[in-house]
1. Hey, what did chain A get for relative contact order, percent, Cα under 8 Å, at least 6 apart?
2. Please state the charge dipole magnitude for the stretch A:127-223, taken about the Cα centre, from unit charges on C-beta atoms (+1 on K and R, -1 on D and E), reported in debye and rounded to the nearest 20.
3. Out of the DSSP beta bridges found with both residues in the protein assembly as shown, what percent are antiparallel (nearest 5)?
4. Could you list the GluC sites (Glu not before Pro) in the stretch B:191-258 that lie in coil according to DSSP, counting only those with at most 16 other Cβ atoms within 10 Å of their Cβ?
5. When the Karplus curve 6.51 cos²θ - 1.76 cosθ + 1.60 is applied with θ = phi - 60°, which whole-Hz ³J(HN,Hα) does each residue of the stretch B:283-290 get, with x for Gly and Pro?
6. Of B:Ala40, B:Ser71, B:His154, whose Cα points farthest to the positive end of the dipole of chain B (charges on the beta-carbon: +1 Lys, Arg; -1 Asp, Glu; origin at the Cα centre)?
7. Take every DSSP beta bridge whose two residues both sit in the stretch B:127-223, then give the antiparallel share in percent to the nearest 5.
8. Evaluate Rg over Rh across the stretch B:127-223, taking Cα atoms for both radii and Kirkwood's formula for Rh.
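Quick note: the coordinates plus some simple rules give every number you see, no bench work behind them. Model, not experiment: these values are computed from the prediction. Because the Cβ atoms are built from the backbone with ideal geometry, glycine has one as well, and the counts that use them run over all protein chains shown.
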There are 2 protein chains.
Amino acid sequence: MQDCIVIGSGTAGVSAALTLQANGKNFILLGQTGLSEKIAKAEKIRNYPGLLDVTGKAFCEALQAQLKAASIVVKEERAMGVYALKDKFGVATQEGGYYESRTVILACGVESVKTIEGETEFVGRGVSYCATCDGFLYKGKTVAVLCTSKRLEHEIEFLADFAAKVYLIPMYKEVEIERENIQIIRKMPVKLEGKMRVEKLVFAAPISADIGSELEIDGLFALRESVSPATLVGGLETLDGHVKVSRDMQTNIVGCYAAGDCTGRPYQYAKAVGEGNVAAHSASAFISERKKQETKD
Amino acid sequence: MQDCIVIGSGTAGVSAALTLQANGKNFILLGQTGLSEKIAKAEKIRNYPGLLDVTGKAFCEALQAQLKAASIVVKEERAMGVYALKDKFGVATQEGGYYESRTVILACGVESVKTIEGETEFVGRGVSYCATCDGFLYKGKTVAVLCTSKRLEHEIEFLADFAAKVYLIPMYKEVEIERENIQIIRKMPVKLEGKMRVEKLVFAAPISADIGSELEIDGLFALRESVSPATLVGGLETLDGHVKVSRDMQTNIVGCYAAGDCTGRPYQYAKAVGEGNVAAHSASAFISERKKQETKD
């Protein structure tokens, strides 16, 4: 069993990992080796103490070098569910992994992508967040895919193997995927409509002369870099879309901590770094107590 | 009137200053151009994201370069009192300065030096924290001086001009001060004794064969790098010796924020940097509101 699972490899997650390592804890850092597209794309960071006018790319590389020097490897998996079991946590990933730990640190950031109208209502009735989980349900059918990152294109390919037709709505520039049954739509939909299940994806204006402003679909896959914390962890208390934490970064779930943008504004590197550090210290103290308890039991 | 006065030039204070500057606020940063002896003396910092195994000295220099690039000048003065006036703050310094501001950020760190037994009870009755304020009261008398830093030696010289005899108990290595009436004692006292006023400084063991284990004194000056936040700001709420703050770094006094070691453990650079950033953002929001109010009034 791990001491901790850190979910997210942005600034907060990296800070937590470095401190857990310094504290001699064993842990898994779930994320991406590129760490964070948000950081990498930042033009210039002006107020991060110690690094003068650093570019996001240079900051990202510095963090990568630091992880490497500390022998910390990012596990390229995305958490899909966090389960609070008796005295431990279970974390399942979209890649099929399952890990157990004494504590969890949520450092999953905030999605800048808003959900579209009707999305939440139709979850499980045509709306899915995981192609590899639910793709087979759409064999021979028509689906739309909202996708936030090129990194997730393999999921679209997986879908295209089953579905007869895939409307891909990419939220990034260079689409690399090419399949006969994939049609790229460069407009954002405004809402989902349907009775029992999803039936239509509605746009504000006609997509093109031959298509019009509606797509008839059997399902919508919203593929985003991260699942929202509340969706990830059942019973997690949130406030205005952010994870509610105490000064020591504890959530309402014992042993579950949060850090960085997911806990609220300001969305700043310095704040994320500080919170990751504090969360790791709090988790470390909790782990020590839990281990004493385990020895007694 | 300033938008903000940042008290302390350690990591938290520098982080707050950089963010206030980025937010276009005018402010005074009270501290020292060397920023912080604690940082400068740190051997190696292992878990500060973005700087791989940096020495305290290198970190300090990086912060100095960053302040310079942002045209932020540290005002070499030590805050002695913070007064919450109507709709503004007054800050008095030991150097005789007096400044007004809409907000205050306390980033004064924690003193690792403990008070000695009897010290607090005898404040104003023989115990003083400011040589330039109270030195003249000891003309022709005998005083002891507890001093934490060579930087404060000018205060001891000031005292030696008045007092007949000065027992200097330095808490640093190289003492540069030399005066006929100054005697250096390399032992720490354990308590102060006296009736109405301070009479004796008591040591655990004899200082030397001719002196014994007690010094008869008329006054004790405790010269420390920083005054404790609770002494600095009347009515400030503390908990276990730390300033009590909310998640957005607000203290119990409206417009007064705190950040860094003074708010509690972990005493880590990452935490200090994060809290300084958040305090600056909270103060900035408060300043905007206050300015709207001022325009109305």
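1. Relative contact order, chain A: 22 percent.
2. The calculation lands at about 280 debye.
3. Beta bridges within the protein assembly as shown, antiparallel portion: roughly 40 percent.
4. Of the GluC sites (Glu not before Pro), the ones in loops of the stretch B:191-258 whose Cβ has at most 16 other Cβ atoms within 10 Å are B:Glu237.
5. Rounded to whole hertz, the list is 4, 4, 5, 5, 4, 4, 4, 4.
6. Working it through, the farthest residue towards the positive pole turns out to be B:Ser71.
7. 35 percent
8. 0.93
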